[in-house]
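The values are calculated or read from the model by the stated rules, or taken from the named source; none is laboratory data. Quick caveat: nothing in here was measured; it's all calculated off a predicted structure. Positions of Cβ are generated from backbone atoms using ideal geometry, with glycine treated the same way; all protein chains shown enter the neighbour counts. Side chains are part of the model used for accessible areas, which takes the heavy atoms of the whole protein and leaves out ligands, DNA and RNA. Shrake-Rupley method; radii C 1.70, N 1.55, O 1.52, S 1.80 Å.
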Amino acid sequence: MSDQLRAAAPPPAEGLAGPYDALLLLSFGGPEGPDDVVPFLENVTRGRGIPRERLKEVGQHYFGFGGVSPINGQNRELLDALRKDFAEHGLDLPVYWGNRNWAPYLTDVMREMAADGRRRIAVLATSAYASYSGCRQYRENLADALAALADEGVAELPGVDKLRHYFNHPGFVQPMIDGVLAALGSLPQEVRAGAHLAFTTHSIPTAAADASGPVEEHTADGDGGAYVRQHLDVAQVIADAVRAETGAELPWELVYQSRSGAPHIPWLEPDICDHLEALHGAGAPAVVMVPIGFVSDHMEVLYDLDTEATAKAAELGLPVARSATVGADPRFAAAVRDLVLERAAAERGEPVERCALGLLGPSHDLCAVGCCPARGPRPAAAGADSPYA
């Protein structure tokens with residue numbers, strides 16, 4: 001392993017989680033059967049006025065997989081990995097799981113945590129990068145849940161602290177490097193040395209991308225703000241590691257997938273399928289699709305890459321492979337433990353050594369006012385503008 005990829009060993013965990021008495025795994029959620037699909041999509045799109053018939057059309061992606069999103073099963077695997085890692089390292093910290101859009105719903109889980117006497121909760125969102133939908137919206141969900149508990153008369157609301165963005169933590173990046181190497185190895189030998197790396201992430205409106213991250217990182221020229229910079233930095237780290245391992249300087253580009261919304265609104269481009277067409281036209285011998293924007297192999301990875309993009313590549317006669325996401329890799333579980341311990345130490349006022357790869361350094365602990373701004377005036381917890389202490 002290169003010096004750049006060496007992570008500082010975390011301190012022994014015993015007794016070092018304070019002030020935290022629980023970890024909350026906060027995720028998006030997904031249907032677990034055909035009857036769940038449309039109600040789930042209604043939750044996701046609530047307030048946008050999308051007709052039920054249109055939701056049934058969109059739900060075909062889920063119906064093609066039996067109406068079951070893999071994300072809930074993958075979160076259960078991650079829960080098991082976290083609990084195993086914590087137990088093996090003497091970290092006595094219970095782990096809960098709540099979702100934004102499907103059971104177990106966040107408010108229900110927060111109610112359970114309050115009843116269990118949890119008073120200070122570290123929160124890990126299953127989104128590694130800065131953006132409204134990947135950070136601020138989860139903070140709004142936390143505020144909504146706390147407001148619901150307050151309305152129910154819960155006397156002492158738990159405090160919540162969202163752990164920092166972990167896009168460049170070694171425990172998140174190293175499994176992706178190994179995934180790229182494995183995907184390259186699955187390609188026919190004669191095309192490996194010339195393969196292109198297509199790093200993919202969720203497309204978002206360019207206006208939202210430009211306003212991602214702290215205010216000082218916002219841009220007005222469509223270059224994508226912190227959201228794009230963070231992805232580019234991680235992609236470069238992975239490409240450099242692949243070169244160091246294979247000796248091949250593979251060309252790469254950051255591309256996008258899973259666009260939704262009105263066609264007249266500009267979103268980040270190019271789309272992965274358009275990119276495959278362009279590469280084929282330019283004579284690329286093969287492509288490895290690298291979903292760096294996703295923690296696990298959920299529906300957008302399985303459909304947009306493994307189904308749609310792979311079908312496009314077959315139509316073009318272009319060899320493709322798709323690298324694995326991090327999922328419940330033990331190194332990622334260890335990274336979460338590291339994130340909990342570093343934030344706990346910082347909250348106790350102790351010096352902290354933070355692990356980060358690439359050029360951007362470790363992300364901030366506390367979202368400042370104006371960070372990934374809201375689409376409207378909604379309160380958000382776990383930030384400098386939180387209405388909850």
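Things worth noting here:
- Qualifying residue in segment 377-387 (condition: under 30 Å from Pro94 (Cα atoms), assigned to a helix (DSSP H, G or I) and over 21 Å from the mean Cα position of the chain (by Cα)): no
- From the list Glu249, Glu245, Glu216, the one residue that fits, being touching a residue at least 40 places away in the same chain (Cβ under 8 Å) and open to solvent by 40 Å² or more (accessible area, probe 1.4 Å), is Glu245.
- Which numbered condition Glu300 fails, given (1) under 21 Å from Tyr166 (Cβ atoms); (2) among the acidic types (Asp, Glu); (3) at pLDDT 95 or above: (3)
- Filtered by the rule that a residue be over 24 Å from Asp35 (Cα atoms), within 20 Å of the chain's Cα centre (by Cα) and touching a residue at least 60 places away in the same chain (Cβ under 8 Å), segment 53-84 gives Leu78, Asp80, Ala81, Leu82.
- Residue ID - most open to solvent (accessible area, probe 1.4 Å), chosen from residues in segment 261-283 that are out of contact with any Leu (no Cβ under 7 Å at 6 or more places or on another chain) and of a type in the set (Asp, Glu): Glu269
- Among the residues of segment 289-305, those that are of a type in the set (A, V, I, L, M, F, W, C) and either in a loop (DSSP other than H, G, I, E, B) or open to solvent by 20 Å² or more (accessible area, probe 1.4 Å) (or both) comprise Ile292, Phe294, Val295, Leu302.
- Inter-residue pairs, beta-carbon under 7 Å, first closer than 16 Å to His231 by Cα and in segment 351-364, second at pLDDT below 95, 6+ apart: Leu357/Gln4; Leu357/Leu5
- Evaluating Ala286 against the criteria (1) open to solvent by 50 Å² or more (accessible area, probe 1.4 Å); (2) among the small types (Gly, Ala, Ser); (3) touching a residue at least 12 places away in the same chain (Cβ under 8 Å) leaves one unmet condition, (1).
- Between Ser186, Ser131, the distinction of being surrounded by fewer than 16 Cβ atoms within 10 Å (Cβ to Cβ), of a type in the set (S, T, N, Q) and at pLDDT 95 or above belongs to Ser186 only.
- Index of the failed condition, Trp97 passing every other in (1) open to solvent by 10 Å² or more (accessible area, probe 1.4 Å); (2) assigned to a helix (DSSP H, G or I); (3) touching a Leu at 6+ places or on another chain (Cβ under 7 Å): (2)
- Some residue of segment 306-320 being open to solvent by less than 50 Å² (accessible area, probe 1.4 Å) and at pLDDT below 95: no
- Hits in segment 146-177 (condition: in a helix (DSSP H, G or I) and touching a residue at least 40 places away in the same chain (Cβ under 8 Å)): Leu146, Ala147, Ala148, Leu149, Pro170, Gly171, Phe172, Val173, Gln174, Pro175, Met176, Ile177
- Count - residues of segment 249-284 that are of a type outside the set (D, E, K, R), modelled with pLDDT of 95 or more and under 29 Å from Pro188 (Cβ atoms): 19
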